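Working notes for the structure below.
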Amino acid sequence: MGNADPPSPSPRRSSPPDPSPATELELIRLIRTAVAAGDATGVVMGIGDDTAVLEPTPRARLLATTDLLIEGVHFRRAWATPFDIGWKAMAVNLSDIAAKGGRPRWALVGLALPAPANPADVASLYDGMRQAATPHGVIVVGGDTSVSPAGWFVNLTLLGEHDGSPPLRSGAKPGDLIAVTGELGRSAAGLAALEAGRRAESPASEACALAHLRPTARVAEGRWLGAAAGVHAMMDLSDGLSADLGHVCRESGVGARVAVDRVPVDGGAREIARALGAEPLDWAIGGGEDYELLLTCAAAEAEALADGLRRATGATLTVIGEIEGLKAGVVFVDAAGHRVAMPAGYEHFRA
Ligand SMILES: [Mg+2]
């Protein structure tokens, strides 16, 4: 992969034309300017050579994650601005590093836009990335651009570091308690408000729409929890509690029982649900894209983890259920202990 190379030559005559040379150069200049500011620690060579040259912390383990955002699938330009798209591309990758308790460090960006690309859009997209990245000391060190036949494609790869053993999805044990940071349902509520054209209706709908368009990764919380005693498994909530807890169960060979009345539902999501005649618990459990952290921990440590996390970061940690030995997937129960059906959450390539 080129390091912020110009758009690749077309492989076939029938391929869409590349942007004019002036546009190519302008794009590269824009990208260099947009990413120049930042914490260059560990960067021997950033943008401008065949590869970036990076100097990892001695003895640290390297974490690597990538996320592909496609117009019409992951975002809609009807309401996501270029800044929002850049911000989200960075935030979802930061969240994956947070989920392993890591320090995010260096990002690479693949970008394809229909020709002719609007330089202001590109500048705004990189500005969104930079503003999401800078508080965490992350810098863009390379990437590639191309013409897209239709729609925007943004692929961001993020490298991070961990000094010990990252908490994996496979670490859950029978008897563990299941807990989540923060409150759930905000992103799905924001998407519902956007789809209904009611973003500007109330402070709650604006806050939830913003949570959907510019999510905040729990980086400090992930680092604290990733180093804390008693955390056995951890991941971030991207596909929804139902689907993501299912991933933990499958990887750990266990089952899970969740008390739906203990699931922390965002107040703004409740307010939007009332206005739209929707069920906020469905958003909290099946909605996805909240980018909170989901963990399982030794039962004896749960209280100390919640207290410690609040003191260290201000974030809440709420116990919502228990890991069971029986491999029965994720079971939801009401306050009386009766099973209730809940949405399955987001599955990739669902038929
Ligand atoms: Mg993840």
message: How big is the dipole moment of the chain about its Cα centre under a simple scheme where the beta carbon of each Lys and Arg is +1, that of each Asp and Glu is -1, and everything else is neutral? Debye, nearest 20, please.
response: 160
- prompt: Angle, helix 186-195 long axis vs. longest principal axis of the chain, Cα atoms, 0 to 90°, nearest 10?
  reply: 60
task: Report the extension gain between Ala299 and Gln131 in nm, rounded to one decimal, defined as 0.36 nm multiplied by the number of residues separating them, less their alpha carbon distance.
output: 56.7 nm
task: Taking amide H positions as placed in the peptide plane 1.01 Å from N, state which residues far from Ala115 in sequence (5 or more) or on other chains have amide H under 5 Å from it.
output: Ser148
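How much FRET efficiency would the formula 1/(1 + (r/R0)^6) give for Ser165 and Arg198, where r is the Cβ-Cβ distance and R0 is 51 Å, rounded to 0.05? Before the final figure, lay out the partial values.
Details: r = 46 Å, r/R0 = 0.89.
For Ser165 and Arg198, the calculated efficiency is 0.65.
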- prompt: With the chain treated as a Gaussian network of Cα nodes joined by springs under 10 Å, which of Trp283, Trp106, Trp152 yields the largest mean-square fluctuation?
  reply: Trp152
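For the chain, what does -39500 (n - 2.57) per DSSP helix run (n ≥ 4), summed and divided by total residues, give at 222 nm, in deg cm²/dmol to the nearest 500?
Details: 10 runs with 120 residues, N = 351.
The per-residue figure over the chain is -10500 deg cm²/dmol.
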task: Could you tell me what percent of the accessible area of the range 274-351 is made up of carbon and sulfur, with a 1.4 Å probe and every protein chain present?
output: 52
Extension gain (nm, one decimal) between Glu206 and Ala78, 0.36 nm per residue minus Cα-Cα: 44.5 nm
Rg to Rh quotient for the range 169-333, alpha carbon positions, Kirkwood Rh: 0.99
task: Once you have all Cα-Cα distances for the chain, histogram them in 10 Å bins from zero and send the whole-percent values.
output: 6, 24, 30, 24, 12, 3, 0
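Quick one: net charge around His338, please, counting Lys, Arg +1 and Asp, Glu -1 for every other residue with C-beta under 14 Å from its C-beta. Could you put the intermediate results ahead of the total?
Details: positive: Arg257, Arg339; negative: Asp261, Asp334.
Local net charge: 0.
State the antiparallel share, in %, of DSSP beta bridges confined to the chain, rounding to the nearest 5. Mind dumping the intermediate values first?
On the way: 40 of 56 bridges.
Here the antiparallel bridges make up roughly 70 percent for the chain.
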- request: Quick one: dipole size for the range 193-320, taken about the Cα centre, charges +1 on Lys/Arg Cβ and -1 on Asp/Glu Cβ, in debye to the nearest 20.
  value: 200
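Over the chain, what is the mean sequence separation of C-alpha contacts under 8 Å (at least six apart), divided by residue count, expressed as relative contact order in percent? Mind dumping the intermediate values first?
Numbers: 826 pairs, mean separation 72.4, N = 351.
About 21 percent, as a whole number.
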statement: Restricting to lysines and to Cα separations under 21 Å from Lys88, and discarding same-chain partners fewer than 8 apart, the set is Lys100
field: Proximal lysines to Lys327, defined as alpha-carbon separation beneath 20 angstrom and excluding residues fewer than eight positions away on the same chain
entry: Lys173
- request: Leaving out ligands and nucleic acids, note down the accessible area per residue over the chain with a 1.4 angstrom probe, in whole Å².
  value: 45
query: With all protein chains present, how much of the accessible area of the range 21-162 (probe radius 1.4 Å) comes from carbon and sulfur, to the nearest whole percent?
result: 58
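Diagonalise the Cα gyration tensor of the range 21-162 and give the resulting equivalent ellipsoid semi-axes, square root of 5 times each eigenvalue, largest first, whole Å. Mind dumping the intermediate values first?
Working: eigenvalues 123, 62, 29 Å².
So the three semi-axes of the range 21-162 are 25, 18, 12 Å.
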- prompt: In whole Å, what is the distance between the alpha-carbon centres of the range 276-330 and the range 122-201?
  reply: 19
task: Taking the dipole about the Cα centre of the chain, with the C-beta of Lys and Arg at +1 and of Asp and Glu at -1, give me whichever of Ala243, Ala217, Gly287 is farthest to the positive side.
output: Ala243
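The values are calculated or read from the model by the stated rules, or taken from the named source; none is laboratory data. Not measured: the values here are computed from a predicted model. So basically every Cβ, Gly included, is an ideal-geometry build from the backbone, and we count neighbours across all protein chains shown. Side chains are part of the model used for accessible areas, which takes the heavy atoms of the whole protein and leaves out ligands, DNA and RNA. Shrake-Rupley method; radii C 1.70, N 1.55, O 1.52, S 1.80 Å.
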